[in-house]
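Read through the structure below, which is laid out as structure tokens, and then see the notes.
Just so it is clear, none of the values below were taken in a lab; they were calculated from the coordinates. Note that the structure is a prediction, hence the values are computed from the model and not measured. Note: ideal-geometry Cβ built from the backbone for every residue, glycine included; neighbour counts use all protein chains shown.
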């Protein structure tokens, strides 16, 4: 019918697909192959070593420390962020006259959201200062409220270094999910809430029995996104922590181990094996999260 | 009466978090105007006299000005490229039937599932072999390539939802395929383009890992990279006031954009998550 359809399609699709093929598809494909070799980047040919890299990973204390720390982040970051965000979103929407939202809720949302816009590099540098022992904000704050017994070098103490990194991730992410959850909560029809209140339901019951089930889709999305964030952590750790990754591998994460193996030690095959492992972890967890949080969809109409 | 007390308690809780969010930023602003001696003396003291010189030093000597320019070039270029290619690509996949359509779409969207760390090592060598390490165009191409999957995914849904009748009418009036896209469909997709544009801009502006690996030349450092490098080197020279100033300069453009377009920015970013 319309002539030149295929000429148009080829002309339109060739540039993006070429770009995508060269810089995205081919590196990903090569990574799976490199993971099976002992390539050091210098020798002309990579020698196939089978699954040796993967068996080595399980005996590598650094990689195991990284796995442990990412597992901690994976538990702590989504849980804390979602709990806080749900709490603040509920405060914003359930308060006020006839539960139409507290006054100034727009302003709170504007302020809460801002950290989401700060790049990880900025967060890293800023919070390195916040945690500085001598003249940092956190110790200064503890001093000001008379809790100076709690003062410490947050990033130099193996017990507090990883929680300190976790806190930065949560600090920066909460606002985004407050906005996401508030939007979802506002779309819950007011008459349902009013009916429940007339039946004598308190705020907690309304939240648990009505609001939460109706915003569950958003919580599920949040879980997946925050999980992916927690599996990374590279930039914050690389900029903020001593070593980086220290003290005593307390803040080592998979991305950092991979980066160091590749670009400091030139173990490109080994680093690729870490990448492949990370990929399968991501894939498994995403599938699990989507399955575990799956519920009956609630129809509002 | 009861609700008024309850509302008071709510405001107390909500204001506490607002303070927690603002405090580190406000503290950094104040610190950027103090002398190093004042910074070491106490985290709470106000500057005796605002040291604007810190800002000038950060801009000129520490190179924040140059890093900002580099970032604008790379992010601007990549954003223009990915919006054009992504829109064309999403449009073709959404509005044309051809063999392999589904395959191409799934191949593109699958890119969102893979962690960038997996591609990192081979990507370094691909860019190296093309002679593009540490160049603007190298970074622009890589940034655009990695922003493509989400852009196509988002706009694909958007182009699907546009009515077919307008395009049909344009074809009957003798418009070419490219003409229909640029003059009819693209203007209709503007809201979607704005959302995904904001999303991409922030994502690219905040890139740290890719430039760290692909952009080793300090003269071409982007802001995130330059700031992190500065944190290390300024620490040795203990020019903390200069570093605070650099930090604030890096935050200011984003803050300014947020104040002006906060509604669109929040809508754009959350729309990205809901899809």
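Of all the options B:115, B:50, B:218, the one that moves most in a Gaussian network model of chain B with Cα springs shorter than 10 angstrom is B:115. Fewest to most neighbouring Cβ within 10 Å: what's the order for B:106, B:137? Placing the least packed residue first, the sequence is B:106, B:137.
Extents of chain A, largest first, come to 78, 76, 32 Å (Cα atoms, principal axes, whole angstrom). A simple spin-label model places the labels of residue B:106 and residue B:166 3.2 nm from each other, with each point 7 Å out along Cα-to-Cβ. Between region A:107-174 and region A:25-89, the C-alpha centres lie 27 angstrom from each other. The angle between the Cα long axis of helix A:268-292 and the longest principal axis of the Cα atoms of chain A comes to about 30 degrees, rounded to the nearest 10. In this structure, residue B:261 and residue A:199 have a Cβ-Cβ separation that, at R0 = 35 Å, corresponds to a calculated FRET efficiency of about 0.25. Structural descriptor for chain A: relative contact order 29 percent, calculated from alpha carbon pairs under 8 angstrom and at least 6 residues apart.
Name the residue, out of B:35, B:71, B:166, whose mean-square fluctuation peaks in a Gaussian network model built on chain B with Cα pairs under 10 Å. In this elastic network of chain B, the residue with the biggest mean-square fluctuation among B:35, B:71, B:166 is B:166. Distance from the C-alpha centroid of region B:65-142 to that of region A:212-260: 24 Å, rounded to the whole angstrom.
In terms of surrounding Cβ atoms within a 10 Å radius of their Cβ, B:130, A:57 rank from fewest to most as B:130, A:57.
Summarising the overall dimensions of region B:131-213 from its C-alpha atoms, the Rg and Dmax are 16.7, 51 angstrom.
Here the protein assembly as shown was treated as a single set of alpha-carbon atoms; its pair distances binned every 20 Å from 0 give 18, 51, 28, 3, 0 percent.
Each residue in B:248, A:110 was given a count of other beta-carbon atoms within 10 angstrom of its own, and listing them fewest first yields A:110, B:248. Taking max minus min of the alpha-carbon positions on each principal axis, region A:188-301 gives extents of 67, 28, 17 Å, largest first.
When the Debye formula is applied to the Cα atoms of region A:61-126, each taken as the same point scatterer, what base-10 log of I(q)/I(0) results at q = 0.13, 0.16 Å⁻¹? At q = 0.13, 0.16 Å⁻¹ the computed log10 ratios are -0.58, -0.76. Please give the helix B:136-161 orientation as an angle from the longest Cα principal axis of chain B, in degrees from 0 to 90, rounded to the nearest 10. Relative to chain B, helix B:136-161 is tipped by roughly 60 degrees. Nearest 10 degrees, 0 to 90: what angle lies between the long axis of helix B:240-274 and the longest principal axis of chain B (Cα atoms)? Approximately 30 degrees, to the nearest 10.
Pairs of Cα atoms nearer than 8 Å and 6+ residues apart set the relative contact order; for region B:63-238 it is 39 percent. Computed over region B:63-238, the alpha-carbon pair-distance distribution with 5 angstrom bins reads 1, 8, 15, 16, 16, 13, 10, 8, 5, 3, 2, 1, 0, 0, each value a whole percent.
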